[in-house]
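The values are calculated or read from the model by the stated rules, or taken from the named source; none is laboratory data. Everything numeric in this text was worked out from a predicted model, so none of it was measured. Cβ coordinates were reconstructed from backbone atoms using ideal geometry, including for glycine residues, and neighbour counts include every protein chain displayed. With ligands, DNA and RNA removed, areas are computed over all heavy atoms of the protein, side chains included. Shrake-Rupley method; radii C 1.70, N 1.55, O 1.52, S 1.80 Å.
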Amino acid sequence: MNSLNMVEKITSKQNAWYKSLREWSQTTGVHKDKNLLWLEGDHLCEAARQKGLKFHTLVFTDDCSSSIIQNWSNQAEKLVQIPTFLMEGLSSLHSSPLMAAVIEMPTKPLLDPRLSTVVLDQMQDPGNAGSIVRSAAAFGFKQIITTPNTVGLWTHKVVRAAMGAHFALGILEGLEVAEIQASSLPIVLTSSHHGSFLDELIASSQLPSPLAWIFGHEGKGHSAQWSEGNCQAVRIRQPGGEESLNVAAAAAICLHASSMHAIKT
């Protein structure tokens with residue numbers, strides 16, 4: 001049978017499946033009870049496919065070409081096609097995509113103290129969080145952790161900002177500071193005003209590897225709990241004299257320097 005004949009056509013807002021999906025697709029995009037994630041657009045769907053994630057449902061608009069549908073037809077058991085106005089009801093984007101998907105969330109890994117790690121500590125801005133997730137994946141980090149009260153890494157805005165980088169990382173959310181400190185990973189705190197300069201640590205080969213980089217709240221910085229442990233404070237030299245860098249920009253500098261240093265050593 002032609003796979004296009006297997007596509008279910010839904011045209012009503014009152015459809016039970018549609019109403020159920022709409023309840024969570026527009027809010028966070030995460031159905032925690034069923035461990036499902038809503039992805040919008042072909043780029044994120046392709047990133048998930050390349051990492052072998054399991055697709056639960058694929059959703060296409062009426063404007064989506066038959067070749068695109070055919071290309072994706074063997075990826076999920078359930079294929080649905082809906083009018084654009086119904087996709088708009090599911091989408092959190094200003095302009096709804098031609099395709100979207102419901103995928104099964106990756107299994108939550110255990111903390112691996114052998115891996116250099118990025119820790120987001122009470123960070124609130126989804127754009128910053130997504131940008132750091134993207135930088136972490138780009139520079140070869142494999143593990144990212146959040147502490148309580150940090151923005152959800154699987155929510156819409158963070159996933160979009162990271163552009164598919166989530167699927168290259170082991171993500172652990174909601175770990176307490178004490179639990180992270182209990183691992184054997186050296187803790188490196190980023191700071192605007194105190195600590196060793198990053199460039200000096202690199203030059204003298206004093207930056208540990210593996211390590212856990214801690215990036216804190218955009219305004220308050222990292223939690224005071226970190227100072228109670230054996231942590232190393234690091235700052236970035238700023239010859240231009242600005243007070244501080246945006247946390248996502250600072251993270252990109254630190255993670256790049258750290259990864260290059262690890263390669264050389």
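Okay, here's what the table says:
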| quantity | calculated |
| --- | --- |
| Filter result for the condition that a residue is polar (S, T, N, Q) and at pLDDT 90 or above, over 246, 230 | 246 |
| Hits in region 209-221 (condition: touching a helix residue (DSSP H, G or I) at 6+ places or on another chain (Cβ under 9 Å), open to solvent by 30 Å² or more (accessible area, probe 1.4 Å) and outside any strand (DSSP E or B)) | 209, 210, 218 |
| Extreme residue, nearest to the chain's Cα centre (by Cα), among residues of region 175-189 that are touching a residue at least 12 places away in the same chain (Cβ under 8 Å) and open to solvent by 40 Å² or more (accessible area, probe 1.4 Å) | 176 |
| Any hit, region 58-65, residues being part of a strand (DSSP E or B) and among the hydroxyl-bearing types (Ser, Thr, Tyr) | yes |
| Residues of region 71-109 satisfying the condition of being assigned to a loop (DSSP other than H, G, I, E, B), in contact (Cβ under 8 Å) with a residue 24 or more places away in the chain and within 30 Å of residue 212 (Cβ to Cβ) | 105, 106, 108, 109 |
| Every residue from region 96-119 that is open to solvent by 40 Å² or more (accessible area, probe 1.4 Å) and among the aliphatic types (A, V, I, L, M) | 98, 110, 111, 115 |
| Condition check for residue 202: surrounded by 15 or more Cβ atoms within 10 Å (Cβ to Cβ) and either touching a His at 6+ places or on another chain (Cβ under 7 Å) or charged (D, E, K, R) (or both) | yes |
| Residues of region 159-196 satisfying the condition of being out of contact with any Ser or Thr (no Cβ under 9 Å at 6 or more places or on another chain), assigned to a loop (DSSP other than H, G, I, E, B) and farther than 30 Å from residue 52 by Cα | 182, 184, 191, 194, 195 |
| Test for residue 40: is it under 24 Å from residue 165 (Cα atoms) and modelled with pLDDT of 95 or more | yes |
| Some residue of region 125-142 being assigned to a strand (DSSP E or B) and either free of Cβ contacts under 8 Å to residues at least 24 places away in the same chain or open to solvent by less than 50 Å² (accessible area, probe 1.4 Å) (or both) | no |
| Filtered residues of region 41-57 (kept if in contact (Cβ under 8 Å) with a residue 40 or more places away in the chain, in a helix (DSSP H, G or I) and open to solvent by 10 Å² or more (accessible area, probe 1.4 Å)) | 42, 43, 44, 46, 47, 50 |
| Filtered residues of region 222-265 (kept if among the β-branched types (Val, Ile, Thr), under 18 Å from residue 197 (Cα atoms) and open to solvent by 50 Å² or more (accessible area, probe 1.4 Å)) | 253 |
| Every residue from region 131-155 that is over 21 Å from residue 50 (Cβ atoms) and of a type outside the set (S, T, N, Q) | 132, 145, 148, 151, 152 |
| Residue selected from region 29-40 under the condition of a type outside the set (D, E, K, R), crowded, with 18+ Cβ neighbours inside 10 Å and out of contact with any helix residue (DSSP H, G or I) (no Cβ under 6 Å at 6 or more places or on another chain), by the criterion farthest from residue 155 (Cα to Cα) | 36 |
